[in-house]
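What follows is a set of notes on a single structure, which appears directly below.
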Amino acid sequence: MLTLKFEGNPIAWKRARRNGKRYFDTQAKDKEKYAIEARIQMNGSVALINPLSLSIRFNMPIPPSRPKYWRKNALGMGHVFTPDLDNLVKFIGDALNGIVWEDDRLIYSLKAKKIYSREPSTWLEVETYDD
């Protein structure tokens with residue numbers, strides 16, 4: 001099993017923008033940041049080519065605008081606001097293509113959740129399917 005951790009606020013996938021007739025990826029720098037961090041954590045390992053199971057935990061920041069009693073009780077509580085869970089997962093899938101896995105089409109099982117945490121981060125556990 002491969003475990004990866006990305007510090008900072010989780011990033012949601014955004015649609016490509018258009019400038020005239022050309023489309024461009026507004027998240028290229030964010031994806032490159034995740035790619036570099038994944039390469040460092042993989043320590044020279046090659047991209048996985050077998051079917052894989054992916055478990056992701058998005059640790060979302062606790063809003064400082066909430067009352068103190070709410071912030072105290074929010075730790076570990078489910079996050080039900082934007083960004084959407086599917087957009088967070090899509091960003092991870094796109095950002096780590098060719099680095100952690102050959103292509104995100106290899107993911108046959110997915111478990112993901114968003115919870116409040118004092119330390120915003122993204123945790124991945126990747127398990128390959130071995131016959």
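Only the coordinates and a few stated rules stand behind these numbers; no lab work does. Treat the numbers as computed from the prediction; the structure is a model and nothing was measured. Glycine gets a Cβ as well: all are built from the backbone with ideal geometry, and neighbour counts include every protein chain shown.
The table that follows gives values for the structure above.
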read-out	value
Computed lengthening from N19 to S53, 0.36 nm per intervening residue step minus Cα-Cα distance	8.5 nm
Cross-link pairs beyond the 27 Å C-alpha cut-off, checked among K33/K113; K21/K114; K68/K114; K72/K113; K68/K90; K33/K90	K21/K114; K68/K90
Whole-Å semi-axes of the ellipsoid equivalent to the chain (Cα gyration tensor, √5λ, descending)	26, 21, 13
Dipole of the range 1-104 [Lys/Arg +1, Asp/Glu -1 at C-beta], most positive-end residue of T26, S53, I99	T26
Principal-axis tilt of helix 85-95 within the chain, Cα atoms, nearest 10 degrees	40
Residue among F91, F58, F81 with the largest mean-square fluctuation in a Gaussian network model of the chain, springs linking Cα atoms under 10 Å	F81
Computed magnitude of the charge dipole of the chain (debye, nearest 20; Cβ of K, R +1, Cβ of D, E -1)	1000
Segment D130-N9, extension gain: residue separation times 0.36 nm, minus the distance between their alpha carbons	40.3 nm
Residues Y69 and K111, FRET efficiency given R0 of 35 Å [Cβ-Cβ distance, rounded to 0.05]	0.70
